[in-house]
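Data block below; observations after.
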Amino acid sequence: MSSSFSCQICAIGFLCGICLTSLFMAALTSFGAFALWGNSFSSLNSTSIFINGNCDRLPKEVGKIMQPNESINLETDDERVSMLYSAWSDILNISDESGENKDKFSHRVRISDLLPDAPHLENCKLKVQANEHLDQSLEDTNLPPWTIWKGRLDYLSLTSNDEQLMYNRDQTISQGAYPPWIDGSDEENYPLTRKVQRDIWLHQHPVNCSDPSVKFLVADWERLPGFGIGAQIAGMCGLLAIAINEKRVLVTDYYNRADHDGCKGSSRSRWSCYFFPETSLECKRRAFELKKDKEAWAKMVVTGKDNYTSRDIWAGRIPRVWGNPWSMIQPTTEINGSLIMHHRKMDLRWWRAQAVRYLMRFQSEYMCNLMNVARHHAFGMEAAKMVLASHAQDTEGKNSYNVDKYVWSNHEPWIPRPLLSMHVRMGDKACEMKVVGLEDYMRLAQRVRKRFPHLHNIWLSTEMQDVVDRSKSYQHWKFYYTNVTRQTGDILMATYEASLGRETSTNYPLVNFLMATEADFFVGALGSTWCFLIDGMRNTGGKVMNGYLSVNKDRFW
C-alpha cells in the first residue's frame, strides 16, 4: 500500500465500508429471524418487553421468546406450545399479592400483558366486578340494572346524543327486566324460570332490611356426618322454600365446607367463598343482630332450623306463588329408552332447580379461579395450539378494541365442543340405589353420538380411580377430568373426603358440578342427588332441549 496520505485515506474508507456492509447484513439476518419468530408469536410486543421488564427476572419461557435466533433453531412446534402453556400456568398460579411474593406478582402481571390472551381463562376480577354491579339495586329503585344488554356492554359510556337510548334503558330497568344469569328463552328452560329467578332475588333483597315487617330465617348448612355437598345444597333448597312460604329472608350462616384456608377473610366458613351471598350485606347484618335478641326469637321475627322438622326441610311444601309450573315441564329425560312424562316428584324437581340456580347464580372470584385452573389443566395445551396457529399470520399485534372490551366480554371461556359430561357415581351409593359400571354410561354416550357424530369429548366426574383407568380403553373418545386423588377400594364417601382434606374435597366436586352444567350433553343417574341438582342447573341454564340420559332404571325420585 502506498505511503501517500491520499492512498491511506482510500484504504481506510474501503475497510470501513466492508465493516459497515457486514454489520448491515448481520442486522438484516437477525431481523429476518425475529420476524419469522414473530409470525408464530406475533402478539408479543418486543418494545414492551424491554420497557416493562428486566430480562434476568423473566420466567424461563418468556426469556426464550426474547432470544429469537436461538428459539427459531432449537424450538419445535410442540415446545413452543409447551412454552405458552407454561407461561399461562405461571400467571395463573398467582395466589399471594403481598409480602415476599409481591414483587414476583407484579412482574408476572407485566408479563401477562405481553402474552396472547388465553381463550379458556376468564378475567375473574372483571367478571366479579360486573356481576356485583348486577347484584345490587340502583339508588332510585329497588331493582338492579338488568337490561337486555349483556356483559360489560352496560358500562359503555353514552353521550348527550344518546338520550333516547339512555331513556329506553332506564325504562327497561324500571319495568323489571329479567335476571342476566339465565341463558336462553323460556322454551329452553323450565317453565317460568326467568320470572321465578327475578322474584326470588326481589324476595331476598328487600328495600329496607331494618323495616320491622322484614322477618328472617337464619340457618347453618347441614354438617352431620354422611351429608355430602349435594345433600347440603338440597337441604338449603328446602329452607329457601320455607322462607318464601313464610315471607322470610333466608340468611345462611356457617358452612363447614368453606372452613379452610382457601376461603379468606369474611368469606371463611361462608357460602360466599364460592358463590354470591343469598341476600344483601345489610340483611345479613340485621339478621345476625336479631339472632342475639331473645325477644326477636320469641316473637318469631327470626327463626332457625330448630323451628322446623326434618320433614319440613326435606319434603315440605313447595312454594305455590307461581301456581303449578312443574305440570308444564317438557319430557326431555330418558330412562330405559323412554321419555319420562310424569313422576311423583315433579314439583320437587322443578323447585330444587330454581333454588340451586339462584344460590349459584354468580361465582365468587375464588370459584372463578378454581374453574380457570381446572380448564387450564384439562384444555390448556389445546388452547395453546389454537392460539399459536391463529397468530401465525397475525401481523397486527395485541391491540384493544371496544368490541373486545364490551361486546365479546360476555362470551364464556373456551372449552372443546361439543362436550358431554358424565358423572359416574359408585362406591357407597349402592346402599341407596342400584349402581352400574362405566360401560352402561358409555352405552348412553354412544347413543348421543349416533345423533351427533362430531361428539368425541367427555368430561368425566367420578370418585373411583378404576373408572378413570377403564376410560382409557375407549380409544375413540377423549376424556377430561380433574387432577385429584380418587378412591381405590370400597370405602365410605366421608372417609374418602377426609383423606383429601376439606379444601380439596369441596373444591373439586364444585368444579365438576359447574363443568357438567356448561357441557352440551349430560349422562348421569337421577337416583343421585348430585345428578339431580346438575340436571336442575342445566334445565335453568338454557339446556332443557339438550336432553338428559339417566342410567337409573329403578329410581328417579
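In whole Hz and in residue order, list the ³J(HN,Hα) couplings for the range 148-153 that follow from phi through the Karplus curve 6.51 cos²θ - 1.76 cosθ + 1.60, θ = phi - 60°; x for Gly and Pro.
7, 7, 10, x, 8, 5
Pop the C-beta distance of Y155 and D183 into the FRET formula with R0 = 22 Å and round what comes out to the nearest 0.05.
After rounding, the FRET efficiency stands at 0.60.
Check Y480: other-chain or 5+ apart residues with amide H under 5 Å from its amide H, H built from backbone geometry?
For Y480, the qualifying residues are I458, W459, L460.
Where the centre of each part is set by its Cα atoms, how far does the range 318-351 sit from the range 184-259, in angstrom?
The distance from the Cα centre of the range 318-351 to that of the range 184-259 comes to 21 Å.
Sorted by average packing, counted as other Cβ atoms within 10 angstrom per residue and highest first, what order do 120-130, 457-467 take?
Highest-to-lowest ranking by the protection proxy: 457-467, 120-130.
Which pairs, out of K125/K195; K150/K284; K215/K294, put more than 22 Å between their alpha-carbon atoms?
Checking Cα-Cα distances, K125/K195; K150/K284 exceed 22 Å.
D117 to E246: FRET efficiency via 1/(1 + (r/R0)^6), r the Cβ-Cβ distance, R0 35 Å, to the nearest 0.05?
Between D117 and E246 the formula returns 0.15.
Any idea how far apart D490 and N93 come out in nm if each label point goes 7 Å out from Cα toward Cβ?
About 4.1 nm separates the two model spin labels.
Whole-Hz ³J(HN,Hα) for each residue in the range 461-466, computed from phi via Karplus 6.51 cos²θ - 1.76 cosθ + 1.60 with θ = phi - 60°, x for glycine and proline: what do you get?
10, 6, 8, 9, 5, 4
Could you give the radius of gyration (one decimal) and Dmax (whole number) of the Cα atoms in the range 147-362, in Å?
Rg and Dmax of the range 147-362, Cα atoms, are 19.5, 62 Å.
F362's amide H: which non-local residues (gap 5+, or another chain) put their own amide H closer than 5 Å, with H modeled 1.01 Å from N in plane and none for Pro or chain starts?
Here the answer is F276, since their amide H atoms fall under 5 Å of that of F362.
From the backbone phi of the range 195-206, what are the Karplus-calculated ³J(HN,Hα) couplings (6.51 cos²θ - 1.76 cosθ + 1.60, θ = phi - 60°) in whole Hz, Gly and Pro given as x?
Each residue's phi maps through the Karplus curve to give 5, 5, 5, 5, 5, 5, 4, 5, 4, 7, 10, x Hz.
Once amide H atoms are placed 1.01 Å from N in the peptide plane, what residues at a sequence separation of 5 or more from Q487, or on another chain, have their amide H within under 5 Å of its amide H?
M464, Q465
FRET efficiency for L165 and Y401, Cβ-Cβ distance as r, R0 = 25 Å, nearest 0.05?
Details: r = 21 Å, r/R0 = 0.84.
My answer for the efficiency is 0.75.
Every number in this text was worked out from the coordinates using simple rules, so none of it is lab data. Since the model is a prediction, treat every value here as computed from it, not as a measurement. Cβ coordinates were reconstructed from backbone atoms using ideal geometry, including for glycine residues, and neighbour counts include every protein chain displayed.
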